[in-house]
Amino acid sequence: MALGVSLLAAAVCVPGQAVAEPEPPAAQSVLNLVLDGDSLSLRDAFAILEGRPVSARIAPDAQAAMSRTREGALAALENQRVYGWNQALGPLKDTPLSPADAERFQRNVLRSHAAGVGEPLPDDVVRLAMILKANQMARGKVGVRPEVPQRLLDMVNAGVVPRMPQIGSLGTGDLQPQAAAGLAALGEDAPVRYRGQEGPASEILPKAGLPAAFTFQAGEALPIISGSTVVAATLMDAVHRASVLADQAEGAFALFMEATRAEQGSLDARTHKERRIPEQDAVAARLRAMVAGSGWMTEEGRRRLDPANYHPRVQDAVSVRAAPHILAGLRHVLADARRTLVREANSSTSNPLIFKRDRGLGYEFVMGGNWDGSVMGHLADTLNAEIADVGVLSQELSGRLLSPRWSYGLPANLAGGAVGLNSGMVQVQTVAAALIPEMQVRAVPAGTLSRPVKDGQEDHNTMAMASVRHLHENLDRLEIVLAVQYLMAAQGIDLIAGKMAGLPLGAVTRSLHAEIRRHVPPLVDDRYMTPDLERAIRLVRNGSLRPSAGAAPGTGSVSWTPAS
């Protein structure tokens, strides 16, 4: 058994790199964005979330449209009482405001609404939220001057990031976090981060080469806080993270199939085509590509462990045969989320909106509810349910590897030395099992838990921010659960490598195994396991075990690419 470990380790490990850390990312080129309110892509959003530096500005045509709308809005105020322009907000909506109070009201709106608490949102999510807000304003339907979104973009371009607290938004607009950004844009003492330091915007903005002060005029504070752009940015971040984890979940399953010498019939294209679910076809195709050329997942491979007592399998367990279907459910929801978020990024989500009259001259204000984040909130809840289900599946597969009966002959507990004297990986698997109830509890849909606030004026709230926060918490947990599965599947492969001599792993699974062994050596006699698991978690968290990233030199050409 130990001989098998040493043979395979020698074949796939890079000498001297058993505990290597991932290499730091290379310097990235600047992402140049010209925002027109209609063409911001998820590719751009994901680049921002990956930390790519940005240079963004409002398109000239969009600036001209914004200026026309602004002029029309100010003219329309002479004959219309308008929420947030010449009327107060929320339960005070019936209180009129005089033109003399306009600028003071904008500042007070941001001060009163900047009441959020808790840990701040990640810097890259804040950058994206500000760019989304600027792009939505560029549509020319909210009545702000072009200078307003450009002020937000100037902060992004200079590397100034407002501190946006996570707790407070009900998904009925992102009032608290966006108000914090608005105060920072004014140059008040709201905290911002810049080049590794945090301090009041009034002090930091000049250090970044920006004017210390800015003034919002009539009607310009409300569009800053109205609309669910922070929910959108946070959900985009979750979709980006979930896509990387979906790739790695498929890779972990392929490695599990190799370790248990699973039957390939469950991946047959004919079966999946009959279900008529495109995502399922695609998952099965990627899995077939990952294990292509495997000698382990054959009758000969299954016979090797105990030739004298071998009987052909009738079929593998449900968790194995249905894994492509479960993983396809995640892909299906991710596709829905991408379509929704592209629309959201290029839409007008404030209240009120301003339109040129279809009949007659001039513009008019229309009060509505485009700030509502319920579609995104429910998508986050659904995506969270899929993430939790993938976590359950991963934990179940890891548990099968511990049992000689369920794994078809792997040593009990995946112990590398004498079983009994060595306890192997039983407690590594327990780490995953401990997280599953937490994932299931956090997958309860927050979007069904509305409650009225503000004297009944806001009597239905989407709770979308709670939904996306719970989703991110479960993505954190899934990283750990998948790391457990990768670690244990690699160990299962090592333990029987001697008996499988002469039979190759699949082209991609061989690369994935090699990548794990670059950072974590095989387990022979028991050792302190926390460092091993922490290294595996870092690999998953950094996306290093995405199957496309696992292609090692000499493994040949593999027809496999991660899902878009």
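The values are calculated or read from the model by the stated rules, or taken from the named source; none is laboratory data. Keep in mind the model is a prediction, meaning the values are calculated, not measured. Using ideal geometry, Cβ is built from the backbone for each residue, glycine included, and neighbour counts are taken over all protein chains shown. For the accessible areas, the whole protein counts, side chains as well, though only heavy atoms, and no ligand, DNA or RNA atoms are used. Shrake-Rupley method; radii C 1.70, N 1.55, O 1.52, S 1.80 Å.
Number of residues in the range 422-446 that are open to solvent by less than 40 Å² (accessible area, probe 1.4 Å) and closer than 16 Å to Asp526 by Cβ equals 5. Return a yes/no flag: does the range 205-215 have any residue that is of a type in the set (Val, Ile, Thr) and either assigned to a helix (DSSP H, G or I) or within 26 Å of the chain's Cα centre (by Cα) (or both). No, that holds for no residue. Say whether the condition of being assigned to a loop (DSSP other than H, G, I, E, B) and open to solvent by 10 Å² or more (accessible area, probe 1.4 Å) is met by at least one residue in the range 380-389. No: the range 380-389 contains no residue that is assigned to a loop (DSSP other than H, G, I, E, B) and open to solvent by 10 Å² or more (accessible area, probe 1.4 Å). Condition check: on the phi < 0 side of the Ramachandran plot, open to solvent by 30 Å² or more (accessible area, probe 1.4 Å) and not aliphatic (A, V, I, L, M). Does Arg304 satisfy that? So Arg304 fits the description; yes. Evaluate the following for Val375: is it in contact (Cβ under 8 Å) with a residue 24 or more places away in the chain, β-branched (Val, Ile, Thr) and surrounded by fewer than 22 Cβ atoms within 10 Å (Cβ to Cβ)? The answer is yes for Val375. Filtering the range 238-254 for residues that are touching a helix residue (DSSP H, G or I) at 6+ places or on another chain (Cβ under 9 Å), of a type in the set (Asp, Glu) and farther than 25 Å from Asp336 by Cβ leaves an empty set. When Arg518 is tested against (1) open to solvent by less than 10 Å² (accessible area, probe 1.4 Å); (2) farther than 17 Å from Gln429 by Cα; (3) modelled with pLDDT of 95 or more; (4) out of contact with any Leu (no Cβ under 7 Å at 6 or more places or on another chain), only condition (1) is not met. Just one residue in the set Asn346, Asn351 is buried (at least 16 other Cβ atoms within 10 Å of the Cβ) and in contact with a Phe, Trp or Tyr (Cβ under 9 Å, 6 or more places away or on another chain); that residue is Asn351. For first residues located in the range 429-442 and touching a residue at least 12 places away in the same chain (Cβ under 8 Å), partners that are of a type in the set (Asp, Glu) and lie 6+ apart or on another chain with Cβ distances below 7 Å form the pairs Arg442/Glu473. Taking into account only those residues within the range 402-421 that are buried (at least 23 other Cβ atoms within 10 Å of the Cβ) and aliphatic (A, V, I, L, M), which is nearest to Arg442 (Cα to Cα)? Only one residue fits best here, namely Leu414. Tallying residues that are acidic (Asp, Glu), surrounded by fewer than 18 Cβ atoms within 10 Å (Cβ to Cβ) and closer than 18 Å to Thr234 by Cβ within the range 37-83 yields 1. Residues in the range 78-137 that are at pLDDT 85 or above and polar (S, T, N, Q) were compared, and the one that is nearest to Ala47 (Cα to Cα) is Asn135.
Looking across the range 260-282, the residues that are farther than 19 Å from Met297 by Cα and touching a residue at least 12 places away in the same chain (Cβ under 8 Å) come down to His272, Arg275, Ile277, Glu279, Gln280, Asp281, Ala282. Taking helices (runs of 4 or more DSSP H) as the structural unit, no element lying wholly within the range 250-321 holds at least 3 residues that are modelled with pLDDT of 95 or more and among the hydroxyl-bearing types (Ser, Thr, Tyr).
For every residue, the table says whether it meets (1) modelled with pLDDT under 95; (2) of a type in the set (Val, Ile, Thr); (3) under 30 Å from Leu42 (Cα atoms); (4) over 20 Å from the mean Cα position of the chain (by Cα).
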position	(1), (2), (3), (4)
Arg339	no, no, yes, no
Asp358	yes, no, no, yes
Gly373	yes, no, yes, no
Glu386	no, no, yes, no
Val392	no, yes, yes, no
Val426	yes, yes, no, yes
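For the range 37-52, a residue qualifies if it is among the small types (Gly, Ala, Ser) and out of contact with any Asp or Glu (no Cβ under 8 Å at 6 or more places or on another chain), and the qualifying residues are Gly37, Ser39, Ser41, Ala45, Ala47.
Of Met488, Met463, all but one fail to be at pLDDT below 95 and touching a Leu at 6+ places or on another chain (Cβ under 8 Å); the exception is Met463. Scanning the range 69-108 for residues that are part of a loop (DSSP other than H, G, I, E, B), more than 30 Å from Asp124 (Cα to Cα) and not hydrophobic (A, V, I, L, M, F, W, C) yields Glu78, Asn79, Gln80, Arg81, Asn86, Lys93, Asp94, Thr95, Ser98.
Quick check on this structure: which one of Ala185, Ala158 is farther than 18 Å from Glu119 by Cα, in contact (Cβ under 8 Å) with a residue 12 or more places away in the chain, surrounded by fewer than 19 Cβ atoms within 10 Å (Cβ to Cβ) and of a type in the set (Gly, Ala, Ser)?
It is Ala158.
For the range 401-420, the count of residues that are in contact with a Ser or Thr (Cβ under 9 Å, 6 or more places away or on another chain) and under 30 Å from Pro278 (Cβ atoms) is zero. I'd like to know if the range 51-68 contains one or more residues that are in contact with a helix residue (DSSP H, G or I) (Cβ under 6 Å, 6 or more places away or on another chain) and part of a helix (DSSP H, G or I). For the range 51-68, residues in contact with a helix residue (DSSP H, G or I) (Cβ under 6 Å, 6 or more places away or on another chain) and part of a helix (DSSP H, G or I): absent. When Thr215, Thr234, Thr229 are screened for being closer than 30 Å to Ala185 by Cβ, surrounded by 24 or more Cβ atoms within 10 Å (Cβ to Cβ), in contact (Cβ under 8 Å) with a residue 12 or more places away in the chain and out of contact with any Leu (no Cβ under 6 Å at 6 or more places or on another chain), only Thr234 passes. State yes or no: is Asn474 modelled with pLDDT of 95 or more, closer than 30 Å to Leu379 by Cβ, open to solvent by less than 30 Å² (accessible area, probe 1.4 Å) and among the polar types (S, T, N, Q)? Considered against the rule, which asks whether it is modelled with pLDDT of 95 or more, closer than 30 Å to Leu379 by Cβ, open to solvent by less than 30 Å² (accessible area, probe 1.4 Å) and among the polar types (S, T, N, Q), Asn474 comes out as yes.
Whenever a residue of the range 111-124 is closer than 23 Å to Arg195 by Cβ, its partners that are open to solvent by 40 Å² or more (accessible area, probe 1.4 Å) and assigned to a loop (DSSP other than H, G, I, E, B), lying with C-beta atoms within less than 7 angstrom and at least six residues away or across chains, give the pairs Pro120/Arg163.
The set of residues in the range 84-126 that are of a type in the set (A, V, I, L, M, F, W, C) and surrounded by 14 or more Cβ atoms within 10 Å (Cβ to Cβ) comprises Trp85, Ala88, Leu89, Leu97, Ala102, Phe105, Val109, Leu110, Ala114, Leu121, Val125, Val126.
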